[in-house]
Amino acid sequence: MAPSKRFICIHGHFYQPPRENPWLETVETQDSAAPYHDWNERICAECYATNGAARIQNIKNQITRIVNNYARISFNFGPTLLSWLKDNAPRTYRMIRDGELRSRKNYGGHSSAMAQVYNHIIMPLANERDRITQIRWGIADYMHRFGLAPEGMWLAETAADTELLELLAQHGVKFTLLAPNQCRRVRAMDNGDSWTDTPGASVDPTRPYLVRFKSGLSLAVFFYNGPVSRAIAFEGLLNSGESFAARLKSGLREGAQVQLMHVATDGESYGHHHKYGEMALAYALLLLEKDRTVKLTNYGNYLEQFPPECECEIEENTSWSCAHGVERWRSNCGCNGGKPYNQLWRAPLRQGLDELRDAVAPLTEQEGNKLFKDVWAARDAYIVVVLDRSAESTARFFIEHASHTLTEAERVRALELMEMQRHTQLMYTSCGWFFDDISGIETVQIIAYAARVLQLAKEIFAEQAVELEPRFRARLVEAKSNVPSAGDGALIYNSCVATMELGLEQVAAHYAISSIFSSFAEETDLFCYRVRRISYDVHTSGRGRLALGRAHIASAITGQQQSFSFAVLHFGDQNITAAVKPYTGADASAFEAFAEQAAQQVQRALFPEVIRLLDREYGRVDYSLTSLFSDEQRRIVDLILNSTLWDIENSLTTIYEDHASLLHYLSQAGLPKPPALLLAAGFAINAGLRRALETDPIDIAQMRSFLQLAKADKVPLETATLSYIADQRMKRAMVELQMSEGSIEMLDRALTLALNLSELPFDLNLWQAQNIWYEILKTSSDRLTALSPNDRQRWDEHFGGLGTSLKIDCASITAEDAAVAGPAD
């Protein structure tokens, strides 16, 4: 059979806006993402991880194959998202990189991963300097992740103009993807000046086009298939892998003509927006691989084989998600998330950010010219420090870009300057304008980045930056919220953003208060700060405790550093007061004298006198439990609550045990049960099940007993909590098995656990356990050679039984060609 000339490519744009607190460089708890810690974690679990180990199942819902979708599709990941994944979901990050590496083998050396403009900025609305930085940072990030230069680059929201495309070509980019409505006209390259207009997205998407520039450079453009892409995202096409594959094939014409059917959607369609969408994608890819009439490809591979025969011109200032071009990111164009709100706030917000960016630019040049050979070249190169915060990386950056050997103070100032410029890029993240209201979390986030710019500007430029914040706030007053309680942008700034701002003193206060509940090493990392303990003592009397200490705080980002002394008075539960002030070696004797006096008063239980001493020493005692950063505050509150909840749970358990027979009688007689007794039963039964599942090994008799009680008394189970405990138990058992190098004992323990957990009357999330089983299957052959024939037979039987308990079709999956399946996570 002749090779197919009909090709299919599926592109996924995987991206989430950065969610890090600008002062802590970490994502704090987002309650709207519950039960997950934050939206990154939730979407990772639902999409990014599952696409690295996607299931193909039989009609019995048993797994027959686990595949890495990234190895077969085209994709791009937002650089800031990849940074989060590397630090917080390393196994998923590895799967993405494994998929990219495998894609090169699948597609003739061409990577399926595309680069992305770094901060997801709407590039047509950016000035030329920011466009260049975004492209250069995106390329540098790609090379750091994947080890080679990118062939293609994804533009945020596919927003483009011709000048931007030429900049891509100038930086060695070979192609990009655009929406079909972004094509203005086309012509065959050998057909002179005969242009054909393409109104209403009528461009033929089955071929690539060349955009040629007056400079002599050119860039290939692929216009994706709009109707099928919309069907994936919005019309339920991912409900069936068979339908998905068939719809993709329907976009190809019969005949010998070479053609490419390709689609592009948010990658989150595959698992997050559409549950099990990654499974539909995996099955569709499997069907297409088996189909001899089509061939999967990626853009680089296709472009090498079939260079453009036509050229095009694009519609200027257009995108894939705004019918009005790029107005969604600067005006009240009518495009929004669906609420009956206006977006009049968009224009003043963008104007305020533009004014802030343009105001700090000449100040950056003024100060930067004292420190760098070329401050803007240094900004473009600063991405190497963002990607690697090590001292060695920073030193190399200064060797290459500093105008002279910098003093320690100059190094701090230089890094503050670069960080200020980094946050001017972050504050343009497109999601800040995309949705309904200025009070949304995405918009608050970009305002927070602007606040960090303002703080750094004040630290660097002092009096020259005094007017920047009032001007910015005044512009935000014009940005009126649709939510009456939110007011306007300035009120949001005051209530939601200004309260986030912190300096080294606040970090010292956090460390001091946390030390009451945590045991810190002599040197420890707190978010993006490094803390070195100078001294620390605790004095107690009854429930009262006084912690006295000194610590050196240094920013791991800018190198700014200072020492502080602190005192924390804790009377139990949430009753905490703390004081902090700068400390130098010259203050040592005064602090030690104060500490000795305070300790004596604690020993005498004279706490009013201790408070007076704190007032005299520090002048103010203005830190408390609410001064802690969000996640640590929640952790400590949970610690405080645990003993209280334990007492409540024990009391309710006692009530239930004393009256269990009465509740059984009422249930059997069909009589109403008092709510108070039902409450006690719910607590007691679920607490008993939790304890049974947490016992090592599981107390199966107790588990069965409580399950019977729940059924008899019609007590609802806390399935989310119980399932989570069971999932984690199974995952730990599988990790122990994987680490045991072929231990029959560990295998039997995992099998027993799986069989016991299968008795639970609710579904378990066995995803991680299944992945580890699959990894063991793929990697254990060498380790099992040391087993005797009898033990090897026993291993095979019990390992197969374990797989069956984990809902795996062992016969099918062990017969699978290893070259087809991707690495599991």
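The values are calculated or read from the model by the stated rules, or taken from the named source; none is laboratory data. Keep in mind the model is a prediction, meaning the values are calculated, not measured. Methodologically, a virtual Cβ is constructed for each residue, glycine included, from the backbone with ideal geometry; neighbour enumeration extends over all protein chains shown. Heavy atoms of the whole protein, side chains included, go into the accessibility calculation; ligands, DNA and RNA do not. Shrake-Rupley method; radii C 1.70, N 1.55, O 1.52, S 1.80 Å.
The residues of segment 530-540 that are touching a helix residue (DSSP H, G or I) at 6+ places or on another chain (Cβ under 8 Å) and open to solvent by 30 Å² or more (accessible area, probe 1.4 Å), listed by number, are Asp537, His539, Thr540.
Take segment 132-150 and flag every residue that is open to solvent by 20 Å² or more (accessible area, probe 1.4 Å) and in contact with a strand residue (DSSP E or B) (Cβ under 8 Å, 6 or more places away or on another chain). Quick ask: steps written out before the conclusion?
So the first thing to find is which residues in segment 132-150 are open to solvent by 20 Å² or more (accessible area, probe 1.4 Å), and the list is 132, 136, 139-140, 143-144, 146-149.
Matches in segment 132-150: Ile139, Phe146.
A single entry from Ser627, Ser519, Ser565 fulfils the requirement of being under 30 Å from Glu25 (Cβ atoms), among the hydroxyl-bearing types (Ser, Thr, Tyr) and in contact with a strand residue (DSSP E or B) (Cβ under 6 Å, 6 or more places away or on another chain): Ser565. The residue that is farthest from the chain's Cα centre (by Cα), counting only those in segment 764-789 that are assigned to a loop (DSSP other than H, G, I, E, B) and modelled with pLDDT of 85 or more, is Ser788.
In segment 500-558, what residues are small (Gly, Ala, Ser) and not in a strand (DSSP E or B)? Break it down stepwise before answering.
Going residue by residue through segment 500-558, those that are small (Gly, Ala, Ser) are 503, 508-509, 512, 514-515, 518-519, 521, 535, 541-542, 544, 547, 549, 551, 554-556.
Matches in segment 500-558: Gly503, Ala508, Ala509, Ala512, Ser514, Ser515, Ser518, Ser519, Ala521, Gly542, Ala556.
What about Ala231, is it surrounded by fewer than 18 Cβ atoms within 10 Å (Cβ to Cβ) and part of a helix (DSSP H, G or I)? For Ala231, the condition - surrounded by fewer than 18 Cβ atoms within 10 Å (Cβ to Cβ) and part of a helix (DSSP H, G or I) - is not met. Only residues that are touching a residue at least 60 places away in the same chain (Cβ under 8 Å), part of a loop (DSSP other than H, G, I, E, B) and among the aliphatic types (A, V, I, L, M) were counted in segment 108-153, giving 2. When you scan segment 193-225, how many residues do you find that are open to solvent by less than 50 Å² (accessible area, probe 1.4 Å) and either of a type in the set (A, V, I, L, M) or outside any strand (DSSP E or B) (or both)? Total meeting the criteria: 15. Would segment 473-495 turn up any residue that is part of a helix (DSSP H, G or I), under 20 Å from Arg19 (Cβ atoms), free of Cβ contacts under 8 Å to residues at least 60 places away in the same chain and of a type in the set (Gly, Ala, Ser)? Taking every residue of segment 473-495 in turn, at least one turns out to be part of a helix (DSSP H, G or I), under 20 Å from Arg19 (Cβ atoms), free of Cβ contacts under 8 Å to residues at least 60 places away in the same chain and of a type in the set (Gly, Ala, Ser). Where helices (runs of 4 or more DSSP H) fall entirely within segment 670-755, those with at least 3 residues that are open to solvent by 40 Å² or more (accessible area, probe 1.4 Å), at pLDDT below 90 and not polar (S, T, N, Q) are at 675-694.
Quick test for you: out of Tyr511, Tyr536, pick the one residue that is under 17 Å from Gln633 (Cα atoms), hydroxyl-bearing (Ser, Thr, Tyr) and at pLDDT 95 or above. Can you show your working first?
Details: Tyr536 fails: under 17 Å from Gln633 (Cα atoms).
Testing whether each residue is under 17 Å from Gln633 (Cα atoms), hydroxyl-bearing (Ser, Thr, Tyr) and at pLDDT 95 or above leaves just Tyr511.
Is there a residue being more than 24 Å from Glu151 (Cβ to Cβ) and without any contact (Cβ under 8 Å) to a residue 60 or more places away in the chain anywhere in segment 254-261? Spell out the reasoning first.
We begin by selecting, within segment 254-261, every residue more than 24 Å from Glu151 (Cβ to Cβ); these are 254-257.
From the residues that got through so far, the ones that are without any contact (Cβ under 8 Å) to a residue 60 or more places away in the chain too are 254-255.
Yes - at least one qualifying residue is present in segment 254-261.
In the set Phe564, Phe527, only one residue is open to solvent by 70 Å² or more (accessible area, probe 1.4 Å), under 30 Å from Ala395 (Cβ atoms), in contact with a Phe, Trp or Tyr (Cβ under 9 Å, 6 or more places away or on another chain) and in contact (Cβ under 8 Å) with a residue 60 or more places away in the chain; that residue is Phe527.
When Asn332 is tested against (1) part of a loop (DSSP other than H, G, I, E, B); (2) crowded, with 21+ Cβ neighbours inside 10 Å; (3) among the polar types (S, T, N, Q), exactly one condition is not met: (2).
Note on segment 594-633: residues that are assigned to a helix (DSSP H, G or I), open to solvent by less than 50 Å² (accessible area, probe 1.4 Å) and farther than 20 Å from Arg543 by Cα total 7.
To keep it simple, each residue is scored yes or no on (1) in contact (Cβ under 8 Å) with a residue 60 or more places away in the chain; (2) more than 30 Å from Arg6 (Cα to Cα); (3) open to solvent by less than 10 Å² (accessible area, probe 1.4 Å).
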site: Asp291; (1), (2), (3): no, no, no
site: Pro308; (1), (2), (3): yes, no, no
site: Cys312; (1), (2), (3): yes, no, yes
site: Ser321; (1), (2), (3): yes, no, no
site: Arg328; (1), (2), (3): yes, yes, no
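Restricting segment 22-36 to residues that are assigned to a loop (DSSP other than H, G, I, E, B) and in contact (Cβ under 8 Å) with a residue 12 or more places away in the chain leaves a set whose member that is most open to solvent (accessible area, probe 1.4 Å) is Pro35. Of the residues making up segment 71-95, those that are in contact with a strand residue (DSSP E or B) (Cβ under 7 Å, 6 or more places away or on another chain) and either small (Gly, Ala, Ser) or not in a helix (DSSP H, G or I) (or both) are Arg72, Ile73, Ser74, Phe75, Asn76, Phe77, Gly78. The single residue among Val258, Val173, Val186 that is among the aliphatic types (A, V, I, L, M) and in contact with a Lys or Arg (Cβ under 6 Å, 6 or more places away or on another chain) turns out to be Val258. In the set (1) under 28 Å from Thr364 (Cα atoms); (2) part of a loop (DSSP other than H, G, I, E, B); (3) among the acidic types (Asp, Glu), the condition left unmet by Asp190 is number (1). Residue count for segment 457-485, restricted to those that are surrounded by fewer than 19 Cβ atoms within 10 Å (Cβ to Cβ) and under 29 Å from the mean Cα position of the chain (by Cα): 2.
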